[in-house]
Amino acid sequence: MTPLNISTPTSQSREIALDQSAPTLSIIVPMFNEEEVLPALFERLGQFLDQLGESYEIICVNDGSTDATARILAAAHERDDRIKVLNFSRNFGKEIALTAGLDAAAGEAVVPIDADLQDPPELIEKFLEKWREGFDVVYAVRRHRDSDTAMKRWTARKFYKVINRLSGVPIPANTGDFRLMDRRVVQAVVQLREHNRFMKGLFAWVGFRHTEVAYDRPERAAGQTKFNYWRLWNFALDGITGFSTVPLRIAGYVGMLTALAAIIYGVFLISRTLVYGVDVPGYASLMVAVLLIGGLQLVVLGVIGEYLGRLYAEAQKRPLYIVESSLGLNDQAL
């Protein structure tokens with residue numbers, strides 16, 4: 001694919017939409033089984049955006065919901081055609097849903113936001129102020145994580161520490177997908193089509209001038225979170241393996257150190273036999289050695305398997321998502 005040549009806009013060009021019909025703002029809302037929170041979302045988001053006075057569109061990506069989400073979205077589109085809908089053929093995951101929203105967005109500035117209203121829409125006004133100062137990316141940073149459990153706070157802290165040590169791309173801690181991105185940034189991100197997607201890492205990888213806005217994250221307006229610890233663990237693996245090959249190097253180093261220790265121990269056994277004669281080693285020490293080396297081999301194979309599985313997914317060249325139906329979006333936007 002030919003690299004994208006993205007020119008640097010003047011501050012005046014930021015005030016003008018890409019064309020006469022394009023809105024200033026595209027709000028992307030990925031959602032999965034969010035029927036309980038959608039009425040509050042559209043009421044609060046719509047009121048704020050109307051008061052803001054900017055032209056906008058709201059792109060709702062229905063990620064294969066099995067509840068009444070699709071029906072509520074259709075009714076919302078009938079009331080306001082600025083609410084546009086993508087319905088997936090099945091659940092593809094939030095990262096893919098966010099990607100589809102970016103693909104469809106037409107605004108000069110694009111803001112992903114969670115459907116549960118834990119991302120306060122009112123913060124978009126501060127995003128726009130920073131954007132008009134010349135920043136290409138304005139991301140929201142949580143001041144604290146008091147609402148999270150102690151385990152989640154600890155794992156989040158360790159995750160950001162590990163990934164920023166392993167990755168060559170610094171990823172801001174305590175940030176989510178809630179941010180404003182200039183059209184140039186979106187054009188760069190949508191070129192990245194890998195299947196195992198860690199969007200915060202992709203946003204950081206493309207670069208551009210960025211800044212942060214601190215905020216306090218409220219509780220969900222309604223409904224239940226769809227993320228559990230197992231999904232968060234897999235999400236962390238996608239982030240680490242997608243932006244670093246250090247785990248492969250560590251596996252290689254562990255293998256070399258184990259081999260070196262085995263050689264040293266072998267020399268020791270041969271020397272002891274030559275000096276003291278034939279010696280029958282104990283069963284316990286033999287089993288410990290076999291299990292240790294076998295366990296290390298399985299760990300190394302597991303690390304290699306993680307990367308190999310990602311290569312296999314990329315080699316299949318399947319589309320990232322399949323749209324079952326859409327409302328308010330033409331084929332060129334998908």
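The values are calculated or read from the model by the stated rules, or taken from the named source; none is laboratory data. On a predicted model such as this, the values are computed, not experimentally measured, just so you know. Cβ placement follows ideal geometry from the backbone for every residue including glycine, while neighbour counts extend to all protein chains displayed. Protein only, heavy atoms only, side chains kept; ligands, DNA and RNA dropped before computing areas. Shrake-Rupley method; radii C 1.70, N 1.55, O 1.52, S 1.80 Å.
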Practice prompt. Would you mind checking the pairs K130/K200; K94/K126; K94/K317 and listing those with alpha carbons more than 23 angstrom apart?
Written response: K94/K126
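So for each of 318-326, 100-108, 181-189, 56-64 I average, over its residues, the number of other beta carbons within 10 Å; can you give me the resulting order with the highest mean first? Before the final figure, lay out the partial values.
Numbers: 318-326: 14.4, 100-108: 22.9, 181-189: 21.3, 56-64: 25.2.
Packing order, densest peptide first, comes out as 56-64, 100-108, 181-189, 318-326.
Stretch E78-F48 to full length: gain in nm at 0.36 nm per residue minus the Cα-Cα span? Let's see the in-between values first.
Details: separation 30, 0.36 × 30 = 10.80 nm, distance 1.97 nm.
Difference between extended and current length: 8.8 nm.
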Worksheet item: How many nm separate the modelled label positions at I263 and V290, each set 7 Å beyond the Cα in the direction of the Cβ?
Response: 2.5 nm
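Could you sort I264, I124 by accessible area so the largest value comes first, with the probe set to 1.4 Å?
Order by accessible area, largest first: I264, I124.
Grab the Cα-Cα distance for L311 and A173, subtract it from 0.36 nm times how many residues apart they are, and report the gain in nm with one decimal. Mind showing how you got there, number by number?
On the way: separation 138, 0.36 × 138 = 49.68 nm, distance 2.79 nm.
So the chain would gain 46.9 nm between L311 and A173.
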